[in-house]
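A quick write-up on the structure given underneath.
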Amino acid sequence: MKKSFIIGLLATTLLLGGCSGQSQGASSKTSLGPKIGQIKNAYSQASSNTKGNISNTEKEGLSQDEYTKLAKSKFQNGSYGYIYVNNNKSTLNPESWKQNKVVYSSLDNLNRASKPNIGYLEKRNIANDSLRIRQTVEPTGWHYNTRNGEQLYNRGHLIAYSVSAGIDQNGNYNPQNQSGDQKNPKNLFTQTAYSNQQLQTIFEKKVRTALRENKKVIYEATAVFDGNNKMATGVNLQAVSTDGSLNFNVFIYNVQPHYSFNLADGRAKKDNSVVVKELPASLQSHYNDNGGNNRTSLNRKFFKRNSSYYQHQKWETRLHQYY
């Protein structure tokens, strides 16, 4: 009798264990994203294998499977232009912060910055904006801005200029160099002006704020491409501080209001059906942040009021030196 009871108990345990393993793999369900917009998540939870996709970088972040899902996901027209990943929780390990550095991944065989770049950052990495110089790198999918006075393309930094002071292109800290990252092909991708200036800056400000509070931060940025496309579907940003007070994980679509893009080659066309929901005031405070975005805010406001002057080639050249 006792033997039969033990056998039955073991069978029940094995059955329950099998059911549990099956539910952990269900990553395609949607969940609510930011409360202000109830943006649907591309998937609700990162899989258990979140560290196997990265070559030439620290083994952190998402799995290749998850990057593929993001690459093939579509911007939800009328949303804020970004979604939460893994319920807005970073998959980075806060205990992996050992040394102030940035790990820049090599370009892929299509010359794209398609692999994760990861920064182990501290307060001294907040950059002096006045040291910015002209940018001339043309990442894959790059085109110049000539559309009716509207700025469409930026040279998007993965690890932001504003949080990379002293970091050389090998990723090492050099106290003699107080500029942020510049002219680094491994850290640039073709990004829409809207995605870069109005969405990515929200999360870069969160990182700067944590650094100013003397927190140590791990920050990872990955441009996500679908197949052989020259222009990324979007960029995955995630960060965690060593004390856990900073923690986010988002995917920002490469989207521009009233324009659509052929991601295969990066070309844009006017498309009034593309609508991006206007950010609420609570998320627009980054426009006035003094930590490296003054020029961004100035350009956006200037061109809104002076679109005809923007078309003048001399001023356009001045704009491209920074984006």
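Any read-out appearing in this document is the output of simple, stated calculations on the displayed coordinates, not a laboratory observation. No experiment lies behind these values; they were computed from the predicted model shown. Cβ atoms come from the backbone with ideal geometry, glycine included; neighbour counts cover every protein chain shown.
What translational diffusion coefficient, in µm²/s and rounded to a whole number, does the Stokes-Einstein relation yield for region 78-167 at 4 °C and a viscosity of 1.567 mPa s, taking the hydrodynamic radius as the Kirkwood radius over Cα pairs? Intermediate values should be presented prior to the final figure.
On the way: Rh = 16.3 Å.
It comes out at roughly 79 µm²/s.
Can you give the extra length, in nm with one decimal, that the chain gains between Ser106 and Asn262 once fully stretched, where that is 0.36 nm per residue apart less the Cα-Cα distance? Let's see the in-between values first.
Working: separation 156, 0.36 × 156 = 56.16 nm, distance 2.50 nm.
Difference between extended and current length: 53.7 nm.
Which links in Lys98/Lys215; Lys101/Lys230; Lys89/Lys123; Lys72/Lys115; Lys206/Lys277 stretch past 18 Å when you go from one Cα to the other? Walk me through the numbers on the way to the answer.
Details: Lys98/Lys215 13 Å; Lys101/Lys230 28 Å; Lys89/Lys123 23 Å; Lys72/Lys115 16 Å; Lys206/Lys277 21 Å.
Where the Cα-Cα span goes over 18 Å, the pairs concerned are Lys101/Lys230; Lys89/Lys123; Lys206/Lys277.
Starting from the exponent 0.38 and prefactor 2.2 Å, build the expected Rg for region 163-275 from its residue count and divide its actual Cα Rg by it.
Values: Rg = 16.1 Å, N = 113, 2.2 N^0.38 = 13.3 Å.
Here the answer is 1.21, to two decimals.
Order the peptides 60-66, 128-134, 216-222 from the highest to the lowest mean number of other Cβ atoms within 10 Å of their residues.
Details: 60-66: 21.0, 128-134: 12.9, 216-222: 26.1.
In decreasing order of mean packing, 60-66, 128-134, 216-222 become 216-222, 60-66, 128-134.
Going out from 0 in 5 Å bins, what whole percent of all Cα-Cα distances in region 139-196 drops into each bin?
Calculated over all Cα pairs of region 139-196, the distribution is 4, 19, 24, 20, 13, 12, 6, 2, 1 percent.
Please list the non-local residues whose amide H lies under 5 Å from the amide H of Val255, H modeled 1.01 Å from N, same-chain partners needing a gap of 5 or more.
Result for Val255 returns Thr192, Ser195.
Among Thr233, Thr209, which comes first, then next, by fewest other beta-carbon atoms within 10 Å?
On the way: Thr233 24, Thr209 15.
Neighbour counts put them in this order, fewest first: Thr209, Thr233.
Which far-off residues, 5 or more places away or on another chain, put their amide H under 5 Å from the one on Lys216, with H placed in the peptide plane?
Thr242, Asp243
Distance in nm between label sites at Gln99 and Lys269, each 7 Å beyond Cα in the beta-carbon direction?
My value for the distance between the label points is 5.1 nm.
Once amide H atoms are placed 1.01 Å from N in the peptide plane, what residues at a sequence separation of 5 or more from Ile167, or on another chain, have their amide H within under 5 Å of its amide H?
Correct list: Asn174.
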